[in-house]
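Beneath this line is the structure, given in structure tokens, with notes to follow.
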Amino acid sequence: MSVDVRSAADVHRARDFQLFWLSGTVDRLGSHAAGIAFPLMTLVATGSPTATGFVGAMAVAGRIVAAPVAGVLADRWPRRQMMVAAMLLAAAATGVVFAAVATDALTSITVAVALLSVTAFVEGVAQAGYGAAGSGALRQVLPPDNQRALAQLEARNHAVQIAGPMLGGALYQLARWVPFLADTLSYLVAAALVSQVRTPLRPQHTQPTRLVADLRAGVRFVWQHPFLRFVTLWAASINFIFGALLYGAILTSGRRGALPLSTGLIVTVASVGGLTGAMLAPRILRHVRPKTVIFCSSWLMVAVVAALSQAEQTWSYGLLFGLVSLFSPVLGIILQSKMIMSTPDRMQARVATVMRTIGDCIELPAPLLAGVLV
């Protein structure tokens, strides 16, 4: 009897994980498609690269400002309902842009900057809420073979990074409002999929405390846990370094007269490498010890940085970033799996949010540093 119960529970959880995976796929695909259309539309509406950069920064600001509060709330509120509410808020924000572009309402630079900045900020807030609730819910929907499931998530993320921008460019060529309509619909579909998850996704109830106290508890938990502290600082540093190197490679290629298409191949090849690594990750982890993977991947990054200092061609940048992206998903799966299992359910959202926010804050000046150094 107990075997049958566990089997039924595993089937139930596998179904919910597939819904979770599919909702994230639809959401990210729409966001990446709009991600290339948004700066293009802003540049057309304002004619100012500075205004375009400001609007993009507002989206990041929305995520950074909302993430700490979202992390606390996701450890208090039902996470499924929070994810649905965040997607509906994002759909409303992008729907405003769709309506404004379709009706030619962006008649002046002031109106365009104000509307697009507020919309980007609100969408960033919504994404922070969805991300916090999703991170908190991940442990509750992971099937027993969690490393294979995490590999599927990694593969999805890299796949949409390849397909999303190409889809956005194609939709933008049809009409400027089409990618924003697609993004709005993607949020609505993602919300519908999440609403079908049967697992309650409720955090474990604890004695209610003040919001600031809960936030401090999340930061304190990360800092007092040696493994979580290591992952937070190590991952943030790696993302900062490679963010600066990637941006520097793009700037250097542009200054040498490389075509925009060939420069874009740097990101494409890196994403293809990441997708390949995510697909190979379960097989690698079955035959190679995690410590060996971490050791080899870390030293590989040192070798890639050394090679990048000597690279002169756009294709060489792409191949080198593709190489490190091939190994990074395996490393990420090892660290994320241990992080999820070593964090109690009542702290899942806060821990993930604290780690993500620290990473965002450290990574934020990477493009500026690359520009100054180039």
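The values are calculated or read from the model by the stated rules, or taken from the named source; none is laboratory data. This one's a predicted model, so the numbers in the text were calculated from it and none came from an experiment. Every residue, glycine as well, gets a Cβ built from its backbone with ideal geometry; the counts of neighbours run over all protein chains shown. Ligands, DNA and RNA are excluded from the accessible area calculation, which covers all protein heavy atoms including side chains. Shrake-Rupley method; radii C 1.70, N 1.55, O 1.52, S 1.80 Å.
Of the residues that make up segment 340-351, is at least one at pLDDT 80 or above, within 21 Å of residue 149 (Cβ to Cβ), of a type in the set (Ser, Thr, Tyr) and outside any helix (DSSP H, G or I)? Yes - at least one qualifying residue is present in segment 340-351. Against the conditions (1) at pLDDT below 90; (2) surrounded by 22 or more Cβ atoms within 10 Å (Cβ to Cβ); (3) in a loop (DSSP other than H, G, I, E, B), residue 208 satisfies every one except (2). Residue by residue through segment 278-314, note down the ones that are loosely packed, with under 14 Cβ neighbours inside 10 Å and either among the hydroxyl-bearing types (Ser, Thr, Tyr) or modelled with pLDDT under 80 (or both). Of everything in segment 278-314, those that are loosely packed, with under 14 Cβ neighbours inside 10 Å and either among the hydroxyl-bearing types (Ser, Thr, Tyr) or modelled with pLDDT under 80 (or both) turn out to be 292, 298, 309, 312, 313.
Considering 202, 176, the condition of being assigned to a loop (DSSP other than H, G, I, E, B) and either small (Gly, Ala, Ser) or touching a helix residue (DSSP H, G or I) at 6+ places or on another chain (Cβ under 6 Å) (or both) is satisfied by 176 alone. Selection of segment 90-104 for residues being crowded, with 19+ Cβ neighbours inside 10 Å and in contact (Cβ under 8 Å) with a residue 40 or more places away in the chain yields 90, 91, 94, 97, 98, 101. Suppose the filter is part of a loop (DSSP other than H, G, I, E, B) and open to solvent by 30 Å² or more (accessible area, probe 1.4 Å); does residue 216 pass it? For residue 216, the condition - part of a loop (DSSP other than H, G, I, E, B) and open to solvent by 30 Å² or more (accessible area, probe 1.4 Å) - is not met. Within this structure, residue 119 passes the test of being crowded, with 23+ Cβ neighbours inside 10 Å, out of contact with any Lys or Arg (no Cβ under 9 Å at 6 or more places or on another chain), part of a helix (DSSP H, G or I) and not charged (D, E, K, R).
Just one of the listed residues (13, 79) is basic (Lys, Arg) and surrounded by fewer than 21 Cβ atoms within 10 Å (Cβ to Cβ), namely 13.
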